Amino acid sequence: MRNGMSIIERLKSLLGGAPPRDGNGAAADTDTGDMISCQEALSVIQEFIDGELEDASYERVKAHFDVCRRCYPYLRLEEAFREALRRAGMQARAPEALKERLARALTESEPED
């Protein structure tokens, strides 16, 4: 056991099944100081992954994910999901007829000078 937690307790806390516990079995504090809440971090997870947050906001969200054992699995899941989509998309190819129709539609929609 590490920090007084069994492997099962640690897995449950990582997967959000129970709040993290300290070595004495008490709920561990994952939001300390000026740390943002779990709700705030998870509400901007997509923007965080996309790099669309301003520097200060990015750093606060990153600091939360770095220490929060309840939220970090959600971040990893989103990243893994996006990677799986990226890999799947690399294997798919649009049919030539679709490419030609799109090119024609784009050409026709261009404004005349």
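Coordinate-derived values only; no laboratory data. Just so you know, these numbers come straight off a predicted model, no measurement behind them. No Cβ is skipped: glycine too gets one built from the backbone with ideal geometry, and neighbour counts run over all protein chains shown.
Of note:
- The slack between Tyr58 and Glu83, meaning 0.36 nm per residue of separation minus the straight C-alpha distance, is 6.9 nm.
- Loop sites in the range 68-113: trypsin sites (Lys or Arg not before Pro), DSSP, at most 11 other Cβ within 10 Å: Arg93
- Using C-alpha pairs under 8 Å with a sequence gap of at least 6, the mean separation divided by the residue count of the range 31-108 gives a relative contact order of 27 percent.
- Considering only the Cα atoms of the range 59-113, their convex hull presents on average a projected area of 7.4 nm².
- Proxy reagent accessibility, fewest Cβ within 10 Å first, across Val44, Val61, Val67: Val67, Val44, Val61
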